[in-house]
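Here the structure comes first, spelled out in structure tokens, and everything after it is commentary.
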Amino acid sequence: RQATMETTIDWSYRLLDPAEQCLLRHLGVFPSSFDVRTVEASAPPMQDGDPVTVFGQLVDKSLVVRQPGSGRYHLLETIRVFARDRLRESGELSSAFERHRHYVRDRVGAVSRLDRWLSARLGAELRTDLDDVRQAFQLSVEHGDVSDAVEIAVGASFLWRNALGCAEGDQWVRRLLELDLSPHDQLWVQILRADVGQGRGDHLQMFGAAAAAEELIDRTDDPAGACLAAHYGALAHLTEPGHAKGRLATARGLARTAHDTRLTTLIDAFAAVADLADGQHERVRSVLARLDRTASPDGYDRYILHWAGWMLGVAERDAVAAGRWMRSQQDLLDRTGIGETWLSSFSTAMCVVVEGSDVRPLLARTLALADREGYQADADCVLVLAYAEMCADRFEAAAELLGTAVHGRFNATAHYVLYRAVLDRALRQHLDDQVITEAMTRGHACTAGDALAAYGVA
């Protein structure tokens, strides 16, 4: 059967004119689906016809499959393998893959590293062609094009942080750290390493990477990179308000040097979280109102602003405020193409708790989304149950669940901050330290999975 298919494809190929044969061969570089823009940009110079017209002819002849309603196309696997074999036979394989790699690199590098790091929209656009991005990164590493590999990795950073999960990002960073990097590329790889550590709740990785990045600041001329390095150094102390504010002030000074208001908004939003940990709710409210007028429409600065506002609503058990900020967050994710993530589902679950509704179905959904993104989020979801007990004024039960949760491992640094700045702080207003210690010790004896099962979370 396989031989018959190959014979049929070869027969169809021989019926094509030279331009059609050439383009079909070169479509073999795509690892999965593609659009017309990518085909045009990756196609070789053609004497007979332009790539878009020739591509349409291949679609009409059913050698390329149109994916309904998406504007995207793909080759059947047998045709893709055939096309690559013809590329190899023609001696065009290396040049075809190199042309495609350059296209991805140029597309990613069309904006600054900071723009890529901050923008949800750009991250979502890359997700559509993620297999192309992966292939281009792999080839850049294999060919020793180190800066190209770093450029591509920075382009994927928003996705690791908010959509795909950080496991793949961690693998990319490890590959990059094995290469001979310039100081400027070293700085950005350490920023990526800190970012992945933050997203995975790996404090040691975040702290170590932040320190390594800060050591590189004087060896580079990159105020934006310097600001991000300092900002991660500050995040290491976010639940220690006095220390955090001093570090954030340093980062803010570097943000002003970079002349980018998105960075100052980002730093100020994190400073608002430090104020929240310090119990300065009115100050936080005032800062958030100001930042809401100045934050970028689709950037990470607005994402952190929404998170800080949601944290304030959760701390005050204000269902209206927490829900408003969370709806704004999900609107940002939807509008930019990121969509729902396990973190946004988790945050919505906290809002449901404040409203007094049954949170268990949403927690089950959160666990499913986390699993899809490569996270084991049992401990994070137990944090929601602890908050529910706290809202019901069952404080010892809340303390036991907190003991269970922290005995596991949160999958986002944000949840350590939520635990320290909101839940633990509120609990100590109602129970003395000895009672909390005893209750948390009891909680340590229970696994997060068992706690979720006991509360009926499937």
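Some points to look at:
- Whether segment 286-334 is rounded, prolate or oblate, judged on the alpha carbon gyration tensor where a/c under 1.5 counts as rounded: oblate
- Angle of helix 360-372 to the longest C-alpha principal axis of the chain, folded into 0 to 90 degrees and rounded to 10: 40°.
- Here the gap between A453 and S32, fully extended at 0.36 nm per residue and compared with their Cα-Cα distance, gives a gain of 147.6 nm.
- Relative contact order %, segment 57-160, counting alpha carbon pairs below 8 Å whose residues are six or more apart: 24 percent
- Only one of (1) 47, 26, 19; (2) 36, 28, 22; (3) 53, 34, 19 was calculated from the structure for semi-axes √(5λ) of the Cα gyration tensor in Å, and its label is (1).
- The C-alpha atoms of the chain define a longest principal axis, and helix 342-355 lies at about 30 degrees to it.
- Formal net charge of residues neighbouring H231 (Cβ-Cβ distance under 15 Å; K, R +1; D, E -1): +2
- Degrees, to the nearest 10: 167-177 long Cα axis against longest axis of the chain: 70 degrees
- Cα gyration tensor, segment 287-388 - rounded (a/c under 1.5), prolate or oblate: oblate
- For GluC sites (Glu not before Pro), the sites in segment 121-210 that DSSP calls loop and that have at most 13 other Cβ atoms within 10 Å are E178.
- For segment 61-159, the list of trypsin sites (Lys or Arg not before Pro) that fall in a loop by DSSP and count at most 15 other C-beta atoms within 10 angstrom reads K61.
- Per residue value of the accessible surface for segment 105-237 (all protein chains in place, 1.4 Å probe), Å²: 34 Å²
The values are calculated or read from the model by the stated rules, or taken from the named source; none is laboratory data. Every value quoted in this text rests on a predicted model; they were computed, and no experiment measured them. With ideal geometry, Cβ positions are generated from the backbone for all residues, glycine too; neighbour counts draw on all protein chains shown. Side chains included, ligands, DNA and RNA excluded: accessible areas come from the protein's heavy atoms. Shrake-Rupley method; radii C 1.70, N 1.55, O 1.52, S 1.80 Å.
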